[in-house]
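Colleague: After the structure tokens below, expect a handful of questions from me.
The values are calculated or read from the model by the stated rules, or taken from the named source; none is laboratory data. A quick note: this is a predicted structure, and the numbers were derived from the prediction, not measured. Reconstructed Cβ throughout: ideal geometry from the backbone, glycine too, with neighbour counts over all protein chains shown. With ligands, DNA and RNA removed, areas are computed over all heavy atoms of the protein, side chains included. Shrake-Rupley method; radii C 1.70, N 1.55, O 1.52, S 1.80 Å.
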Amino acid sequence: MQGKRAVVLGGAGFVGSHLCERLLEDGAGVVAVDNFLTGAEENLRTLRGRPGFAFVRQDIVEGLSVEGPVDYVFNMASPASPIDYAQLPLETLRVGSLGTENALKLAEARGAVFLQASTSEVYGDPLVHPQHEGYYGNVNPIGPRAVYDEAKRYAEAITSAYARVRGVKARIVRIFNTYGPRMRLKDGRVVPAFVGQALRGEDFTVFGDGTQTRSFCYVKDLVDGLVRLALSEVTEPVNIGNPREMTILQFAEAVRAAAGGGGRILYQPLPQNDPKQRQPDITRARTLLGWEPKVSLEEGLRETISYFRAIAGGSGAS
Ligand code: NAD
Ligand code: UDP
């Protein structure tokens, strides 16, 4: 990345801000673009003022104007937590569709590599397990998760069309559940939810019977996969995630062990269309990118918990 210039859309978000840091470390100039829909100024704190970093406040649905040469466009902009996209259904659909097309136009105009952040949600409530990239998915197009799932499926479709028809050098990453510092404590996703509850000594809010499974990837590993994919010639979608699968009840135990807290399990209703099982098949990432996750859940949780402890100022997360 030395001497290259990258644009990170959604750069003030959880993943986007870590990606900006990694690109700067690799010697790239970075322009982060964000409208703070679900991101935060605070996530830019370690980035502002660093040589080679610039921030542009812009809604990518309205258009994108970035001056100067661009070698890479990383499109990370989109609400990502089920609670966020339930509250922001139209914004989610628009950023996945109009926003992605604006991002593609920027990549086309500058001859840049374009990397689209897609998601394991394109597999819906999967009938194939573990999920490999050849599986087309099982998505309810009118359910509450559809605004996100279908926006991301459309984003993959338009990215593929720009690659075919306009010659854009497109890459598609299907990201599985990722966690780490800078998630919002109250974004509703299970990692900040359980960590916050453990730090406050509250019960864990388990949705359904807690037997649904997920596989959690630490953000540093994910970002390494994103950079490897951007630098590769791989044009097919690539799953990036940690294959260590566990039930949500087992995950609650892991958080309790790491945080040394948390009370009982408080069962709550399962949200509609909540996928029952999820585990990435990462054969493609392993063979084509030489990528696999390195950070254990225990280590990743330690980092994440100390972040949430620090932002709570030692007085218990709120
Ligand atoms: P996030 O909500 O922290 O970050 C998304 C960022 O995009 C925010 O800063 C938000 O303000 C910005 N944004 C949204 N709409 C925008 C718009 N119209 N214009 C400009 N900026 C806009 O979420 P995240 O977890 O960091 O996710 C980043 C990307 O990775 C998303 O595209 C998400 O779909 C994808 N992804 C994440 C996960 C995960 O587990 N974290 C899993 C699968 C896919
Ligand atoms: N979940 C839970 N309690 C919570 C938040 C989430 O049991 O407080 C469950 C949720 O129903 C899902 C899993 O944890 O089965 C992961 O949810 P998350 O919102 O983190 O991401 P998803 O994989 O569903 O997009």
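Colleague: Quick test of your reading of the structure: PHE36 fulfils all but one of (1) assigned to a helix (DSSP H, G or I); (2) surrounded by fewer than 20 Cβ atoms within 10 Å (Cβ to Cβ); (3) within 18 Å of the chain's Cα centre (by Cα). Name the failing condition by number.
Modeller: (1)
Colleague: Among what's in region 90-114 and is free of Cβ contacts under 8 Å to residues at least 60 places away in the same chain and open to solvent by less than 50 Å² (accessible area, probe 1.4 Å), pick the residue that is farthest from TYR179 (Cα to Cα).
Modeller: GLY111
Colleague: One residue is enough: does region 72-82 have a residue meeting the conditions small (Gly, Ala, Ser), more than 14 Å from ligand 1 (Cβ to nearest atom) and under 26 Å from LEU231 (Cβ atoms)?
Modeller: No, that holds for no residue.
Colleague: Return the residue satisfying two criteria in turn: it lies in region 1-25 and is part of a loop (DSSP other than H, G, I, E, B) and touching a strand residue (DSSP E or B) at 6+ places or on another chain (Cβ under 9 Å), and of such residues it is farthest from ligand 1 (Cβ to nearest atom).
Modeller: Going through the qualifying residues, I end up with GLY3.
Colleague: Okay, next question. Which pairs turn up if I take residues in region 264-278 that are at positive phi and look for partners that are loosely packed, with under 15 Cβ neighbours inside 10 Å with beta carbon separation below 6 Å, at least 6 apart in sequence or on another chain?
Modeller: Close Cβ pairs satisfying both conditions: ASN273/ASN140.
Colleague: Turning to a different aspect of this structure: I'd like to check something: does region 120-140 contain any residue that is part of a strand (DSSP E or B), more than 30 Å from VAL30 (Cα to Cα) and open to solvent by 30 Å² or more (accessible area, probe 1.4 Å)?
Modeller: Checked against the condition, which is being part of a strand (DSSP E or B), more than 30 Å from VAL30 (Cα to Cα) and open to solvent by 30 Å² or more (accessible area, probe 1.4 Å), region 120-140 yields at least one hit.
Colleague: Quick check on my filter: what residues within region 165-184 are part of a loop (DSSP other than H, G, I, E, B) and open to solvent by less than 30 Å² (accessible area, probe 1.4 Å)?
Modeller: Selection gives VAL168, PHE176, GLY180, PRO181, MET183.
Colleague: Considering each residue of region 197-221, count those that are closer than 29 Å to ASN75 by Cβ and either among the acidic types (Asp, Glu) or modelled with pLDDT under 95 (or both), and give that number.
Modeller: Looking only at that region, the number is 1.
Colleague: Same structure, new question: Can you list residue pairs whose Cβ atoms sit under 6 Å apart, with the first residue in region 7-24 being more than 20 Å from PRO69 (Cα to Cα) and open to solvent by 20 Å² or more (accessible area, probe 1.4 Å) and the second being in a helix (DSSP H, G or I) and more than 6 Å from ligand 1 (Cβ to nearest atom)? Count only pairs 6 or more apart in sequence or on different chains.
Modeller: HIS18/VAL219; HIS18/VAL223
Colleague: Would you mention how many residues in region 39-76 are surrounded by 15 or more Cβ atoms within 10 Å (Cβ to Cβ) and acidic (Asp, Glu)?
Modeller: The total comes to 2.
Colleague: Can you list residue pairs whose Cβ atoms sit under 6 Å apart, with the first residue in region 199-218 being over 19 Å from VAL295 (Cβ atoms) and within 11 Å of ligand 2 (Cβ to nearest atom) and the second being in a strand (DSSP E or B) and open to solvent by 40 Å² or more (accessible area, probe 1.4 Å)? Count only pairs 6 or more apart in sequence or on different chains.
Modeller: Here the result reads ASP203/LEU266; PHE204/ILE265; THR205/LEU266; THR205/GLN268; VAL206/ILE265; VAL206/TYR267; PHE207/GLN268; THR213/GLU245, each pair linking region 199-218 to a residue that is in a strand (DSSP E or B) and open to solvent by 40 Å² or more (accessible area, probe 1.4 Å).
Colleague: Quick one: would you say ASN102 is in contact with a Gly (Cβ under 8 Å, 6 or more places away or on another chain), of a type in the set (S, T, N, Q) and more than 10 Å from ligand 1 (Cβ to nearest atom)?
Modeller: So ASN102 does not fit the description; no.
Colleague: Out of the residues in region 154-194 that are basic (Lys, Arg) and at pLDDT 95 or above, state the one that is nearest to the chain's Cα centre (by Cα).
Modeller: This residue is ARG174.
Colleague: Please indicate, with yes or no, whether at least one residue in region 209-216 is over 17 Å from PRO82 (Cα atoms) and either among the β-branched types (Val, Ile, Thr) or open to solvent by 20 Å² or more (accessible area, probe 1.4 Å) (or both).
Modeller: Yes, the conditions are met somewhere in region 209-216.
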